[in-house]
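Have a look at the structure below before the remarks.
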Amino acid sequence: MNIDFDSFFRNRVEAMLIKASWVGAVQSMLGLKAISQVWNGRAEWYLWLEQAPGVYALSFIDGQDVHLAGRRFHEGFFAIKCFPYRSHDDFADYAPEERRLIESDWFDTTNTPRFEAQRQIPDSLFCIGGFSMVIDPHGDLALMTFESLDALKLHQLRETSGDEAETAAPFLIRNVAGWKTGALLFDCLVGLHANSCKQPPIFAGATCSHGFESILSPEPIVDCRPSQECRRMSLSIGFDLPADASNAIDALWRMRLDPTETILAATLLPETASARTDCLFPKDLAINPLWWDIAHSNFRSELNTACGCADGHCHHR
């Protein structure tokens, strides 16, 4: 049976965003300031977060079926972009073309592309990482993964001729902290899912491997080369009912790993945040205790009273 993965994951993400929009307390806990759907023919959203270096764009790319032990899961792949604020220190780390576009009239006062300019911006710009979701369409299992490089480096080759072409060294024009920048959005997305399903995460897995650096030639053509200086990091957070949390989610996580990845941690998480084992995870792969607080809280929507307060039994006039 053919699956419309775009619609499936559009509905999943929008369900999380809509449910959070009902409760100001959830938005405050996650640092979520605003959300906007992007009207460009694919599932995409802009998200504004507190303390973020820019505005995030979450864009659906592709989907596929994943099979494990007779079960069928849907996996969706998303690209994460960040449109940096000119006032933020990280702005200087982006490529000259990215900075030029941000300062042009192709971007409006919200720091996002104008509608008429969206298709003119190369899709390769502003990328900071990838996000994926593996969903059981008939159950509660969900595995969310964020991956990126700790440093997204782009070098440019100088235009040379003759003998100089063999000796000219590329110069660095982009050095964005991909993991640090995207981890803030991933933290929010996990919290949104915890609020939507009213369950805390039950699994966490982290890996790392050697990264790469990109080389831009004068043609222009972008090539990649392995790098010992950059790390590719990945963090996966899994959700499922405790009764079903035996080995299914761990096996699902492991079957998707690349042979070059080194496992830093893979563990079932406790039902309470106070019992979690942070010592298993590096500092830059932190587990947020707010995910448990959000899942176990009984929030009341500010939209259920005439005056707009959060008291579900409000008698204000």
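Test of understanding: among H210, H138, H193, which residue is modelled with pLDDT of 95 or more and farther than 27 Å from F91 by Cβ? Walk me through it before giving the result.
On the way: H210 fails: modelled with pLDDT of 95 or more; H138 fails: modelled with pLDDT of 95 or more.
That would be H193, the only listed residue that is modelled with pLDDT of 95 or more and farther than 27 Å from F91 by Cβ.
One residue is enough: does the stretch 4-18 have a residue meeting the conditions part of a strand (DSSP E or B), farther than 21 Å from C188 by Cβ and open to solvent by less than 50 Å² (accessible area, probe 1.4 Å)?
There is no residue in the stretch 4-18 that is part of a strand (DSSP E or B), farther than 21 Å from C188 by Cβ and open to solvent by less than 50 Å² (accessible area, probe 1.4 Å).
When only residues in the stretch 85-108 that are assigned to a helix (DSSP H, G or I) and closer than 15 Å to A52 by Cβ count, which is least open to solvent (accessible area, probe 1.4 Å)?
I102
Among the numbered criteria (1) open to solvent by 20 Å² or more (accessible area, probe 1.4 Å); (2) not in a strand (DSSP E or B), which single criterion is violated by W253?
Failed condition: (1).
Could you pull out the residue among F146, F115 that is exposed (fewer than 12 other Cβ atoms within 10 Å of the Cβ) and in contact (Cβ under 8 Å) with a residue 12 or more places away in the chain? It would help to see each step written out before you state the result.
On the way: F146 fails: exposed (fewer than 12 other Cβ atoms within 10 Å of the Cβ).
Result: F115 is the single residue among F146, F115 that is exposed (fewer than 12 other Cβ atoms within 10 Å of the Cβ) and in contact (Cβ under 8 Å) with a residue 12 or more places away in the chain.
Taking the stretch 64-84, which residues are under 30 Å from N2 (Cβ atoms), crowded, with 18+ Cβ neighbours inside 10 Å and of a type outside the set (A, V, I, L, M)?
F73, H74, E75, G76, F78, K81 - these are the residues of the stretch 64-84 that are under 30 Å from N2 (Cβ atoms), crowded, with 18+ Cβ neighbours inside 10 Å and of a type outside the set (A, V, I, L, M).
Name the residue that is surrounded by the most Cβ atoms within 10 Å (Cβ to Cβ), counting only residues in the stretch 294-309 that are of a type in the set (A, V, I, L, M, F, W, C) and modelled with pLDDT under 55.
Taking the candidates together, the pick is C309.
Conditions (1) out of contact with any strand residue (DSSP E or B) (no Cβ under 9 Å at 6 or more places or on another chain); (2) buried (at least 21 other Cβ atoms within 10 Å of the Cβ); (3) part of a loop (DSSP other than H, G, I, E, B), marked per residue:
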| residue | (1), (2), (3) |
| --- | --- |
| G129 | no, yes, no |
| H155 | no, no, no |
| A169 | no, no, yes |
| L172 | no, no, no |
| T181 | no, yes, no |
| N195 | yes, yes, no |
| A204 | no, yes, no |
| F212 | no, no, no |
| E219 | yes, no, yes |
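Which pairs turn up if I take residues in the stretch 35-48 that are farther than 14 Å from F131 by Cα and open to solvent by less than 10 Å² (accessible area, probe 1.4 Å) and look for partners that are polar (S, T, N, Q) and not in a strand (DSSP E or B) with beta carbon separation below 8 Å, at least 6 apart in sequence or on another chain?
The qualifying pairs are V38/Q118.
Mind listing whichever residues of the stretch 262-293 are in contact with a helix residue (DSSP H, G or I) (Cβ under 9 Å, 6 or more places away or on another chain), open to solvent by 70 Å² or more (accessible area, probe 1.4 Å) and modelled with pLDDT of 80 or more?
I263, L268, E271, D293
Hey, among the residues in the stretch 223-250 that are exposed (fewer than 13 other Cβ atoms within 10 Å of the Cβ) and not charged (D, E, K, R), which one's farthest from L152 (Cα to Cα)? I'd like the intermediate steps shown before the answer.
Quick first cut of the stretch 223-250, residues exposed (fewer than 13 other Cβ atoms within 10 Å of the Cβ) only: 223-226, 228-229, 241-243, 246-247.
Restricting the remaining residues to those that are not charged (D, E, K, R) gives 224, 226, 228, 241-243, 246-247.
On the way: C224: 11, P226: 12, Q228: 13, L241: 37, P242: 38, A243: 41, S246: 37, N247: 34 Å.
Going through the qualifying residues, I end up with A243.
Please enumerate the residues belonging to the stretch 49-63 that are open to solvent by less than 20 Å² (accessible area, probe 1.4 Å) and under 19 Å from I121 (Cβ atoms).
P53, G54, V55, Y56, A57, L58, S59, F60
The values are calculated or read from the model by the stated rules, or taken from the named source; none is laboratory data. Note that the structure is predicted; figures quoted are calculated from it, not measured. Every residue, glycine among them, receives a Cβ derived from its backbone with ideal geometry; neighbour counts consider all protein chains shown. Side chains are part of the model used for accessible areas, which takes the heavy atoms of the whole protein and leaves out ligands, DNA and RNA. Shrake-Rupley method; radii C 1.70, N 1.55, O 1.52, S 1.80 Å.
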